[in-house]
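Colleague: Take a look at this one; I'll ask things after.
The values are calculated or read from the model by the stated rules, or taken from the named source; none is laboratory data. Treat the numbers as computed from the prediction; the structure is a model and nothing was measured. No Cβ is skipped: glycine too gets one built from the backbone with ideal geometry, and neighbour counts run over all protein chains shown. These area figures cover heavy atoms from the full protein model, side chains too; ligands, DNA and RNA do not enter into them. Shrake-Rupley method; radii C 1.70, N 1.55, O 1.52, S 1.80 Å.
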Amino acid sequence: MGSRLVLRRGPAAEVIAGIVAESGAAAVTVTRDYEPLAVRRDEAIHEALGERGVALRRYPGRLLFEPEAIRTSDGRPYRVYSPFARACHLAEPPRRPIAAPKELATPDVWPQSERLADWRLYEGRPDWAKSFEPLWQPGEAAGLTRLAAFLDGDVARYRAERDRPDLQSTSRLSPHLHFGEVSPHACWHGAGALAEAGGTAASGAEKFRAEVLWREFSHHLLVQFPDLPEKPFRSEFAAFPWEGDKEALRRWQKGATGYPIVDAGMRELWTTGTMHNRVRMIVASFLIKDLLIPWQEGERWFWDTLLDADLANNSASWQWVAGSGADAAPYFRIFNPVTQGLKFDPDGAYVRRFVPELARLPMPHIHEPWRAPKEVLEAAGVTLAKSYPWPMVDHGEARKRALAAFEEIKAAGERDGGA
Ligand code: FAD
């Protein structure tokens, strides 16, 4: 586009003000960001530029609806998804994606740029990203190709199959959406056209839009509650009697819990940088409720390992599973890892892929090897506690413990409320 990229490092306000001075820029234009750190950063830039009489122009782009635009009838932000989604459908429709400009204005004198190689951001040893290459191609072109392919194909199966980790029928657009390589507007209008056309893809397209609105909802929540990544939205959960230890956390992280669907998910995460949504819910429930480990530990691990790690989606989703979120699953709904496995991985294909030491176990034993007859285990080459771990907790017992822990905070809440 006839322009250049200028690379600089340092405190954002200082660096931007420096570039403005060197280039003679009259204004700075950015896309509005909603993460608490980014909001503070942009405020600092705004102040630094204001002192020089230069405007910081912030435009929407990351979200379909600005948080200020979606409010209840008495002007408050929504805390429950369904009315939020209804309000979005009734609001001014999101703008259609616009084409990239053909050229950009350039300064007479170019500010100096640092060299990316000098930053030594990535030495390539060990090459953590090697196994991601066949699965994920960063960049706008790859993202738009994926969106087009999804809307052309898998979206028709999306409503029926989106909960099946073995089938991979979701869009896998989350990293592209997170990094701004694909806009939610392109998703919204692309799917909207299919929904209106009313063919076989219509129902899947509607469901896909509903998921894009969960992203929206999470971001709006983060704006109204910037502590979402650290503190429970429902304050009574601050006193939750957590128990789990470091060793239990480590076994969960490594995918060595003895529950095949949990281990498959955690190993998928480690080797591919992603994890299917249904399995994210199962592993999160297992960490929080079966192991009684604080959700923030799981949130941190996902943050470090997910390609789509996103402050708003990650924290809102962890709080959803924990029951402490704004619009959360009721605490007592505890995922049973065996029945979840049987239902959503009905042939065991997902577990076979990521837990190869169980690959020769037939259904239904692959989801609960500790109940398999001795001869079935022998024929499949599985020795419990040797080739594959024994379950680290008994789910039935763990469920009772979790419910008792919940009763404790409920009782304390009622006492405080009554006092
Ligand atoms: P699709 O099913 O194709 O959905 C389309 C888009 O909608 C996604 O790309 C995503 O942007 C959005 N979306 C879908 N489901 C959700 C949801 N539940 N909440 C918010 N947005 C959603 N998603 C992230 O992008 N980053 C995270 O860090 C993240 N952490 C999560 C942690 C837990 C414990 C759980 C249960 C879910 C988390 N999710 C997160 C939400 C969801 O799992 C992923 O967005 C989804 O799996 C991405 O796959 P996809 O692009 O194929 O989704």
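Colleague: If I ask for residues that are touching a His at 6+ places or on another chain (Cβ under 9 Å), under 15 Å from Arg278 (Cα atoms) and within 8 Å of the ligand (Cβ to nearest atom), which ones from the stretch 307-341 would you list?
Modeller: Within the stretch 307-341, Asn313 is the sole residue that qualifies.
Colleague: Follow-up question, since we're still on this one. Which residue out of Phe302, Phe344 is touching a residue at least 40 places away in the same chain (Cβ under 8 Å) and either within 16 Å of the ligand (Cβ to nearest atom) or open to solvent by less than 10 Å² (accessible area, probe 1.4 Å) (or both)?
Modeller: On the way: Phe302 fails: touching a residue at least 40 places away in the same chain (Cβ under 8 Å).
Going through Phe302, Phe344 in turn, the sole match is Phe344.
Colleague: When residues of the stretch 237-255 are filtered for being closer than 30 Å to Tyr388 by Cβ and more than 16 Å from the ligand (Cβ to nearest atom), how many remain?
Modeller: Number satisfying all stated conditions: 10.
Colleague: A follow-up question, please. Could you check the stretch 294-313 and list, in sequence order, the residues that are over 16 Å from Arg79 (Cα atoms), assigned to a helix (DSSP H, G or I) and out of contact with any Asp or Glu (no Cβ under 6 Å at 6 or more places or on another chain)?
Modeller: Across the stretch 294-313, the qualifying residues are Trp295, Gln296, Glu297, Gly298, Glu299, Arg300, Trp301, Phe302, Trp303, Asp304, Thr305.
Colleague: Taking Leu358 as the residue in question, decide whether it is more than 11 Å from the ligand (Cβ to nearest atom) and in contact with a strand residue (DSSP E or B) (Cβ under 8 Å, 6 or more places away or on another chain).
Modeller: yes
Residues are listed down the side, and each one gets a yes or a no for (1) out of contact with any helix residue (DSSP H, G or I) (no Cβ under 8 Å at 6 or more places or on another chain); (2) β-branched (Val, Ile, Thr); (3) without any contact (Cβ under 8 Å) to a residue 12 or more places away in the chain:
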residue	(1), (2), (3)
Trp370	yes, no, no
Leu377	no, no, no
Ala380	no, no, no
Ala385	yes, no, yes
Glu397	yes, no, yes
Phe406	yes, no, no
Gly413	no, no, no
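Colleague: Which of the residues spanning the stretch 198-208 are assigned to a helix (DSSP H, G or I) and either modelled with pLDDT under 95 or open to solvent by less than 50 Å² (accessible area, probe 1.4 Å) (or both)?
Modeller: Within the stretch 198-208, Ala202, Gly204, Ala205, Phe208 meet the criteria.
Colleague: May I pose another question? From the list Ser235, Ser203, Ser169, exactly one residue is among the polar types (S, T, N, Q) and within 21 Å of the chain's Cα centre (by Cα). Which is it?
Modeller: Going through Ser235, Ser203, Ser169 in turn, the sole match is Ser169.
Colleague: Kindly indicate which of Arg41, Arg9 is within 30 Å of the chain's Cα centre (by Cα) and part of a helix (DSSP H, G or I).
Modeller: The conditions single out Arg41.
Colleague: Among the candidates Arg234, Arg215, which residue alone is within 12 Å of the ligand (Cβ to nearest atom) and either open to solvent by less than 20 Å² (accessible area, probe 1.4 Å) or farther than 21 Å from Ile366 by Cα (or both)?
Modeller: Arg215
Colleague: Can you tell me how many residues in the stretch 174-191 are assigned to a helix (DSSP H, G or I) and either open to solvent by 40 Å² or more (accessible area, probe 1.4 Å) or within 14 Å of the ligand (Cβ to nearest atom) (or both)?
Modeller: Applying the first criterion (assigned to a helix (DSSP H, G or I)) to the stretch 174-191 yields 174-178, 184-191.
The next check asks that each one be either open to solvent by 40 Å² or more (accessible area, probe 1.4 Å) or within 14 Å of the ligand (Cβ to nearest atom) (or both); those that pass are 174-178, 184-188, 190-191.
Qualifying residue count for the region: 12.
Colleague: Of the numbered conditions (1) in contact (Cβ under 8 Å) with a residue 60 or more places away in the chain; (2) in contact with a Gly (Cβ under 9 Å, 6 or more places away or on another chain); (3) of a type outside the set (A, V, I, L, M); (4) surrounded by fewer than 23 Cβ atoms within 10 Å (Cβ to Cβ), Asp263 fails exactly one; give the number of that condition.
Modeller: Against the list (1) in contact (Cβ under 8 Å) with a residue 60 or more places away in the chain; (2) in contact with a Gly (Cβ under 9 Å, 6 or more places away or on another chain); (3) of a type outside the set (A, V, I, L, M); (4) surrounded by fewer than 23 Cβ atoms within 10 Å (Cβ to Cβ), Asp263 comes up short only on (4).
Colleague: Any idea which of Ala402, Ala398, Ala329 is part of a loop (DSSP other than H, G, I, E, B), of a type in the set (A, V, I, L, M, F, W, C), under 25 Å from Ile288 (Cα atoms) and open to solvent by less than 20 Å² (accessible area, probe 1.4 Å)?
Modeller: Ala329
Colleague: It is to be established whether one or more residues within the stretch 96-106 are open to solvent by less than 50 Å² (accessible area, probe 1.4 Å) and either of a type in the set (Gly, Ala, Ser) or not in a helix (DSSP H, G or I) (or both).
Modeller: So far as the stretch 96-106 goes, no, none of its residues is open to solvent by less than 50 Å² (accessible area, probe 1.4 Å) and either of a type in the set (Gly, Ala, Ser) or not in a helix (DSSP H, G or I) (or both).
Colleague: May I pose another question? Of the residues that sit in the stretch 44-66 and are within 13 Å of Ala17 (Cα to Cα) and open to solvent by 40 Å² or more (accessible area, probe 1.4 Å), which one is nearest to the chain's Cα centre (by Cα)?
Modeller: Among them, the one singled out is Ala44.
Colleague: Then there is this: Can you go through Val279, Val283 and tell me which one is under 24 Å from Ser324 (Cα atoms), out of contact with any Pro (no Cβ under 8 Å at 6 or more places or on another chain) and buried (at least 22 other Cβ atoms within 10 Å of the Cβ)? Step through it out loud before you land on a result.
Modeller: Working: Val279 fails: out of contact with any Pro (no Cβ under 8 Å at 6 or more places or on another chain).
The conditions single out Val283.
Colleague: Right, Glu161: surrounded by fewer than 20 Cβ atoms within 10 Å (Cβ to Cβ) and either away from the ligand (no atom under 12 Å from the Cβ) or modelled with pLDDT under 95 (or both) or not? Steps first, please.
Modeller: On the way: surrounded by fewer than 20 Cβ atoms within 10 Å (Cβ to Cβ): yes; either away from the ligand (no atom under 12 Å from the Cβ) or modelled with pLDDT under 95 (or both): no.
Answer is no for this residue.
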